[in-house]
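Structure record follows, encoded as structure tokens.
The values are calculated or read from the model by the stated rules, or taken from the named source; none is laboratory data. Keep in mind the model is a prediction, meaning the values are calculated, not measured. Methodologically, a virtual Cβ is constructed for each residue, glycine included, from the backbone with ideal geometry; neighbour enumeration extends over all protein chains shown. Heavy atoms of the whole protein, side chains included, go into the accessibility calculation; ligands, DNA and RNA do not. Shrake-Rupley method; radii C 1.70, N 1.55, O 1.52, S 1.80 Å.
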Amino acid sequence: MTQTMEFVSFRWPQNPTTLSVSHTRQVQEQLLPYHGTAIQDLGKRGLVITGEGVFRGASAETQFACLRRYYDEGTVGVLRLMGMPPVMAKLIKLELVGKFEPDKLGYRFTFWEDSSVPLPPERPKAIHRTCTVKEGDTLWHIANQYDTTVEILLLENPDIQWPNALTAGRQVVLP
């Protein structure tokens, strides 16, 4: 089980401050002449997962943009929540909320479980690779060298505040 919430390749730098997981059944009321009504159980519905939180730091906008890309593309992928088995889900609602401040973005989301798509087989967790920053390196140089993007490197390294001013000898986590 996961310690921080994940969707596809996005890992929350810190878990949302609120999270709600709704389990519901689809039911229909049937009118029975001369006998009142009966409830017909049409089965379990997919989970609805809602929550909200705050992205902080220089990468706050990048973190929100990564989630927005999944929303815009209509991605169905693996959603991992703390203390629950993973589910296939789709991000159906994404909002910016709260007061807008530098390096702070409040957000709210809604995921729906999509049980029509099977979960992929579990792979063992990869050991994170790292690279050592050389004098003059930027995240852009490292992203090009390791065939990734600056945005993904910022998600893997949320403590980096200045992607163009890295200290030589620093370890950068690679995806």
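For the reader, a short list of remarks on this structure follows.
- The residue among LEU32, VAL173, LEU67 whose Cα reaches farthest toward the positive pole of the charge dipole of the range 24-175, with charges on the beta-carbon of Lys, Arg, Asp and Glu, is LEU32.
- Considering the chain at the alpha-carbon level, its Rg and Dmax are found to be 20.9, 85 Å.
- The chain, accessible surface, carbon-and-sulfur percent (1.4 angstrom probe): 53 percent
- Where the range 100-175 is the region considered: accessible area per residue in Å², 1.4 Å probe: 70 Å²
- Tilt relative to the chain, helix 60-73 - C-alpha long axis, 0 to 90 degrees, to 10: 50 degrees
- Taking the Cα centre of the chain as reference, the dipole from Cβ charges on Lys and Arg (+1) and Asp and Glu (-1) amounts to some 280 debye.
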